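Chemist: Here it is, the structure in full.
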Amino acid sequence: MQGLIQDGDGEEQVRLSENLEHAAGLQPRQVRVQIMAAGVCGSDLSCVHGKYYMPTPLVPGHEAAGVVAEVGEAVTYCSVGDHVVLSTFGNCGHCPTCEAGDPGNCGFGGLRYTHSEGDQDLWGFANLGAFSQETIVHENQAVPIPKEVPLSSAALIGCGVMTGTGAVFNRAKVATGDTCVVIGAGGVGLNVIQAARLSGASQIIAVDRAVSKEKMAMEFGATDFILADGEDFDSVAAVVELSQGGVDHSFEVVGSAALLAGCLPMTKAGGNICAVGVPDLTATVTYPFQALHQNKNLLGIRAGGGKPRRDFRLIADMYLKGKLKLDELVSHTTGLDGLQEAFNALKAGTEVRTVLLPNG
Ligand SMILES: [Zn+2]
Ligand SMILES: [Zn+2]
């Protein structure tokens with residue numbers, strides 16, 4: 001099969017292979033999935049740049065949807081022909097943490113080989129290796145959704161949509177009338193915005209460096225847009241002024257330690273500072289002690305604190321009921337050979353999401 005392989009750190013280290021195979025045969029609780037759509041997320045760029053400290057060679061890609069092609073003999077979560085969104089949590093499914101309903105906190109999943117090329121085993125990013133035509137995953141990672149959701153839109157549920165909406169619904173728990181600021185109005189930020197709107201937030205301030213982000217931010221539910229124009233722009237002062245003293249919830253979505261530190265003084269006493277974006281995993285965040293002291297909550301958030309088997313279906317249902325936008329997040333679709341172009345668009349901030357269609 002076709003798939004992308006990352007041989008080392010750097011965009012030039014990614015190549016298209018025609019000779020990918022599954023690393024091993026189907027185990028009893030595993031599912032073979034034909035990948036129909038895989039979004040190119042900021043984390044893919046970080047992974048390729050080595051900021052996730054993933055071992056290589058690796059098959060990148062972690063935000064995907066597809067069709068179940070084969071199930072192991074003990075699989076009960078899905079059937080052949082089901083449309084599934086793939087979860088990035090390679091969780092074990094049976095430890096106390098998993099049983100308590102917190103799959104994102106499971107410490108037993110581990111990273112495994114998903115594919116191989118000749119004699120060389122290949123790691124799979126998020127145990128998926130989604131930039132390939134097929135992958136084999138544990139049934140925990142294949143969540144069925146209604147077939148009415150287009151797969152190119154459904155792919156985004158697996159990471160960008162879950163990460164953004166989950167930060168609001170599962171972690172910050174934004175309440176009716178609350179005020180929010182969202183730093184970064186890209187693929188994940190737009191989902192923070194629309195989830196805050198669905199939660200009844202009274203003010204949703206979007207902050208971005210690109211003026212082109214304003215239109216979509218407002219369409220997704222932002223009430224205000226601040227253009228962070230130039231390196232010297234004081235976003236903290238602008239947000240404090242516009243919100244008349246600070247917001248109840250601040251969401252840092254860019255993945256910048258400096259921007260996260262800046263969220264503390266934008267947030268009111270007792271409010272939540274939400275670390276949604278992922279900087280280099282070894283980054284250090286520094287802030288003045290007093291900026292956090294007044295009963296503020298600094299929330300670490302991995303993939304929206306999601307419970308995929310509950311939340312993916314909930315998101316699909318909200319989409320089908322017309323409450324949540326998905327199709328608008330897909331800027332364009334292309335083949336596996338379009339990854340570099342997608343990275344360029346991500347870096348330039350010119351589009352929300354490129355979705356790769358590995359099977360055409
Ligand atoms: Zn577990
Ligand atoms: Zn992602």
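Chemist: Is it the case that segment 178-198 has a residue that's of a type in the set (Asp, Glu), in contact (Cβ under 8 Å) with a residue 40 or more places away in the chain, part of a helix (DSSP H, G or I) and more than 16 Å from ligand 2 (Cβ to nearest atom)? Write out each step before concluding.
Modeler: We begin by selecting, within segment 178-198, every residue of a type in the set (Asp, Glu); these are 178.
Then drop every residue that is not in contact (Cβ under 8 Å) with a residue 40 or more places away in the chain, which leaves 178.
Filter once more, so that each one left must be part of a helix (DSSP H, G or I): none.
No: zero hits.
Chemist: Of the residues 304, 300, 349, which single one is surrounded by fewer than 16 Cβ atoms within 10 Å (Cβ to Cβ) and either within 16 Å of ligand 1 (Cβ to nearest atom) or under 15 Å from the mean Cα position of the chain (by Cα) (or both)?
Modeler: 300
Chemist: Counting only residues that are in contact with a strand residue (DSSP E or B) (Cβ under 8 Å, 6 or more places away or on another chain), at pLDDT below 95 and polar (S, T, N, Q), how many does segment 332-353 have?
Modeler: Here the count works out to 0.
Chemist: Do we find a residue being closer than 27 Å to residue 345 by Cα and either in a helix (DSSP H, G or I) or not basic (Lys, Arg) (or both) anywhere in segment 140-147? Break it down stepwise before answering.
Modeler: Step one: filter segment 140-147 for residues closer than 27 Å to residue 345 by Cα, giving none.
No, the conditions are met nowhere in segment 140-147.
Chemist: Before we move on, is residue 267 within 19 Å of residue 199 (Cβ to Cβ), more than 21 Å from the chain's Cα centre (by Cα) and not assigned by TED's automatic domain parsing to the domain that holds residue 42?
Modeler: Criteria met by residue 267.
Chemist: Which condition does residue 334 not pass, out of (1) over 30 Å from residue 17 (Cα atoms); (2) surrounded by 14 or more Cβ atoms within 10 Å (Cβ to Cβ); (3) not acidic (Asp, Glu), if it passes all the others?
Modeler: (1)
Chemist: So, one more: Under 28 Å from residue 270 (Cβ atoms) and surrounded by fewer than 24 Cβ atoms within 10 Å (Cβ to Cβ): is that true of residue 199 in this structure?
Modeler: Against the criterion (under 28 Å from residue 270 (Cβ atoms) and surrounded by fewer than 24 Cβ atoms within 10 Å (Cβ to Cβ)), residue 199 qualifies.
Chemist: Check off (1) touching a Ser or Thr at 6+ places or on another chain (Cβ under 9 Å); (2) closer than 19 Å to residue 319 by Cβ; (3) in a loop (DSSP other than H, G, I, E, B); (4) among the aliphatic types (A, V, I, L, M) for residue 174 and give me the number that stays unchecked.
Modeler: In the conditions (1) touching a Ser or Thr at 6+ places or on another chain (Cβ under 9 Å); (2) closer than 19 Å to residue 319 by Cβ; (3) in a loop (DSSP other than H, G, I, E, B); (4) among the aliphatic types (A, V, I, L, M), residue 174 misses (2) alone.
Chemist: Considering only segment 75-104, how many residues are within 16 Å of ligand 2 (Cβ to nearest atom) and not in a helix (DSSP H, G or I)? Steps first, please.
Modeler: Pass one, segment 75-104, residues within 16 Å of ligand 2 (Cβ to nearest atom): 85-90, 104.
Filter once more, so that each one left must be not in a helix (DSSP H, G or I): 85-90.
Summing the residues that are within 16 Å of ligand 2 (Cβ to nearest atom) and not in a helix (DSSP H, G or I) in segment 75-104 gives 6.
Chemist: Report whether or not residue 251 is surrounded by 21 or more Cβ atoms within 10 Å (Cβ to Cβ), over 20 Å from residue 286 (Cα atoms) and touching a helix residue (DSSP H, G or I) at 6+ places or on another chain (Cβ under 9 Å). Spell out how you get there, then give the answer.
Modeler: Values: surrounded by 21 or more Cβ atoms within 10 Å (Cβ to Cβ): yes; over 20 Å from residue 286 (Cα atoms): no; touching a helix residue (DSSP H, G or I) at 6+ places or on another chain (Cβ under 9 Å): yes.
Answer is no for this residue.
Chemist: So if I check each of 124, 93, 110, which one is in the same structural domain as residue 25 (by TED's automatic domain parsing) and surrounded by 22 or more Cβ atoms within 10 Å (Cβ to Cβ)?
Modeler: 124
Chemist: Do you know which of the residues in segment 33-69 that are surrounded by 24 or more Cβ atoms within 10 Å (Cβ to Cβ) and assigned to a loop (DSSP other than H, G, I, E, B) is farthest from ligand 1 (Cβ to nearest atom)?
Modeler: In the first step, residues of segment 33-69 are kept if they are surrounded by 24 or more Cβ atoms within 10 Å (Cβ to Cβ); the result is 33, 35, 37-41, 43-44, 48, 58-66.
From what's left, assigned to a loop (DSSP other than H, G, I, E, B): 40-41, 60-62.
Working: 40: 29, 41: 24, 60: 24, 61: 23, 62: 19 Å.
Within segment 33-69, the match that is farthest from ligand 1 (Cβ to nearest atom) is 40.
Chemist: Right, here's the next one. Among the residues of segment 112-136, which ones are within 16 Å of ligand 2 (Cβ to nearest atom) and either among the hydrophobic types (A, V, I, L, M, F, W, C) or within 30 Å of residue 321 (Cα to Cα) (or both)?
Modeler: 125, 126, 128, 130, 131
The values are calculated or read from the model by the stated rules, or taken from the named source; none is laboratory data. Keep in mind the model is a prediction, meaning the values are calculated, not measured. Every residue, glycine among them, receives a Cβ derived from its backbone with ideal geometry; neighbour counts consider all protein chains shown.
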